Amino acid sequence: MGDSAIFIGWGEPIRGREQVSASVFGEAVELWTRLQEEGAIESWEAYFLEPHGGDLSGFFLLKGERVQLGAVRIREDMDRVVMRGSMVVSNFGVVEAATGARIQQDMQRYLEAAGELG
């Protein structure tokens, strides 16, 4: 099981781009499915959030090993879908996340730094 994830979050579609945002969503689903079939990622999931007064409407979570996902981040097809997504929805963002065994490693590093820096 992987130790990392890529979190790709989005807000509301930009007014007037609702239809095209659905199309770009479909492009992303096709890419994530292909990446999983190729073994470039372990798995992916999509989430839609209920209205809650915040600026996050949903997100994708791509899962895998850190090095594996690092290679995905620099792929041309990934750049394309990220750029297109950022043009059709508000509050678009892509960020790496730690999970699995990496959580324990990151917490250990944090505790060591906290002990050194007070």
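The values are calculated or read from the model by the stated rules, or taken from the named source; none is laboratory data. The model shown is predicted, which means the values in this text are computed figures rather than measured ones. Ideal geometry is used to build each Cβ from the backbone, glycine not excepted, and the neighbour counts take in all protein chains shown. Side chains included, ligands, DNA and RNA excluded: accessible areas come from the protein's heavy atoms. Shrake-Rupley method; radii C 1.70, N 1.55, O 1.52, S 1.80 Å.
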Work out the P(r) tail for the chain: percent of alpha carbon pairs separated by more than 19 Å, whole number.
51 percent
Placing +1 on each Lys and Arg Cβ and -1 on each Asp and Glu Cβ in the range 49-98, then taking the dipole about the Cα centre, the residue among VAL95, VAL72, HIS52 whose Cα reaches farthest towards the positive end is VAL72
Positive minus negative residues near PHE92 (Lys, Arg vs Asp, Glu; Cβ under 13 Å):
0
Report the extension gain between GLU38 and PHE7 in nm, rounded to one decimal, defined as 0.36 nm multiplied by the number of residues separating them, less their alpha carbon distance.
9.2 nm
Simple SL model, points at 7 angstrom along Cα→Cβ for LEU49 and GLU76; separation in nm is 3.4 nm
Modelled label reach - ALA22, point 7 Å along Cα→Cβ, the range 30-58 residues with backbone N closer than 19 Å
30-31, 46-51, 57-58
Added length on full extension, which subtracts the Cα-Cα distance from 0.36 nm per residue, LEU117 to GLU65:
15.7 nm
Within the set of other residues whose C-beta is less than 11 Å from the C-beta of GLU30, count the net charge using Lys and Arg as +1 and Asp and Glu as -1.
-2
About the Cα centre, and with charges only on the beta carbon of Lys, Arg (+1) and Asp, Glu (-1), how big is the dipole of the chain? Nearest 20 debye, please.
220 debye
Can you pull the percent of the chain's accessible area that's carbon plus sulfur, 1.4 Å probe, other chains left in place?
55 percent
